[in-house]
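What follows draws every value from the coordinates through simple rules; no lab data is involved. None of these values were measured; they are calculated from a predicted model. Counting neighbours? That spans all protein chains shown, and the Cβs are built from the backbone with ideal geometry, glycine included.
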Amino acid sequence: MGQAALARARAAIDAGRLDEARRWLALAADLQVPRAQREALARRLHRADAAGIDLPAVRDQARAALDAGDPERALPLYAQWLVVAPDDAMALEGREDALSLLLERVPPALRADDLAAAARWLALARRHDPGHVDLPDLQAAYAQALAQQLRRAEQALQRGRAEEAADRFLVLREVAPDDAAVAQGARRTALALATRARQQAADFHFDAAERALAQARLLAPDAIEVAEAARDLERARAAESHLHPPLPSGR
């Protein structure tokens with residue numbers, strides 16, 4: 001009878017009927033079920049109660065998200081499920097399937113130079129299972145792709161293609177904000193764009209100067225050189241207005 005009460009308590013937790021589970025657990029105590037068994041189930045009941053999770057609904061939503069091929073939606077749901085039932089084989093298997101589906105996306109993203117998507121998916125996988133067997137190889141591939149993109153950005157800057165370099169460094173800074181090489185390259189690109197903006201302003205090419213200055217500000221908003229280029233642009237505009245004052249309006 002005691003083990004049957006435990007089984008019913010376990011089933012009630014799985015179904016989200018927590019009050020019923022408490023009653024069965026109390027009956028198991030009255031029937032002198034071993035304390036270790038009761039405490040293990042009591043901890044699970046406490047987790048379910050604290051989480052306030054409708055476990056049957058969460059299970060259905062997790063399976064539906066996985067069936068729809070949406071691991072980013074499925075993984076948080078499996079995480080909620082596992083809060084309540086950390087040893088549930090179906091939850092563990094579902095999480096593994098969702099992680100595998102998620103990580104399958106990383107190599108194509110790297111081939112397409114979509115570092116932002118690859119970084120997001122790898123971070124999500126680490127959050128849900130930092131020891132996943134596929135992570136080391138995929139993280140190594142990501143590091144290689146990041147290094148390749150950094151080389152391309154540096155080459156674009158060296159060849160005078162500052163706008164292309166800026167676009168590449170903006171992406172790199174998004175995915176590797178603490179990388180010193182990325183930060184240094186972004187600053188050098190900003191200075192090159194600031195120099196270009198000053199030259200274009202001196203030639204009264206104000207639209208081109210504004211575009212270069214806008215990119216420079218995105219890369220290094222606090223750089224003195226960028227602020228100086230902005231002042232030069234304003235001075236050039238003022239000088240041009242003196243050279244070509246507006247015609248008086250007709251009466």
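Taking every full run of DSSP H in the chain, the ones that stretch at least 27 Å from end to end by Cα along their long axis and average -0.5 or higher on the Kyte-Doolittle scale are 135-158, 180-202, 224-243.
Suppose only helical runs count, i.e. DSSP H with n ≥ 4. What mean residue ellipticity at 222 nm does that imply for the chain under -39500 (n - 2.57) per run, divided by all residues and rounded to the nearest 500 deg cm²/dmol? Write out the running numbers ahead of the final one.
Details: 13 runs with 200 residues, N = 251.
Helices in the chain give a 222 nm mean residue ellipticity of -26000 deg cm²/dmol.
Here ALA143 and ALA79 are evaluated by their C-beta separation; at R0 = 25 Å the FRET efficiency comes out at 0.40. Calculated FRET efficiency, ALA4 and ALA36, Cβ-Cβ r, R0 30 Å, to nearest 0.05? Working from the Cβ atoms, E equals 0.95.
Compute, for the chain, the length of the dipole vector about the Cα centre, with Cβ point charges of +1 (Lys, Arg) and -1 (Asp, Glu) only. Units Debye, rounded to 20. Mind dumping the intermediate values first?
Details: 35 positive and 38 negative charges, 77 e Å.
Approximately 360 debye in magnitude.
Cβ crowding within 10 Å, taken as a proxy for footprinting-reagent exposure, orders ILE13, ILE53 from fewest neighbours to most as ILE53, ILE13.
Using a/c under 1.5 as the rounded threshold, could you call the chain rounded, prolate or oblate? The axes a ≥ b ≥ c are square roots of the C-alpha gyration tensor eigenvalues, and prolate needs a/b larger than b/c, oblate otherwise. If you can, show how the numbers build up before the last one.
Numbers: a/c = 4.24, a/b = 2.87, b/c = 1.47.
Because a/c hits 1.5 or more and a/b exceeds b/c, the chain counts as prolate.
Please work out the FRET efficiency for the pair ARG43 and THR195, using the Cβ-Cβ distance as r and a Förster radius of 45 Å; give the result to the nearest 0.05.
Values: r = 65 Å, r/R0 = 1.44.
It comes out at approximately 0.10.
For the ranges 105-113, 183-191, 80-88, what's the packing order if you count other beta-carbon atoms within 10 Å of each residue, average per peptide, and put the highest first?
Details: 105-113: 15.8, 183-191: 20.6, 80-88: 18.0.
The most tightly packed comes first, giving 183-191, 80-88, 105-113.
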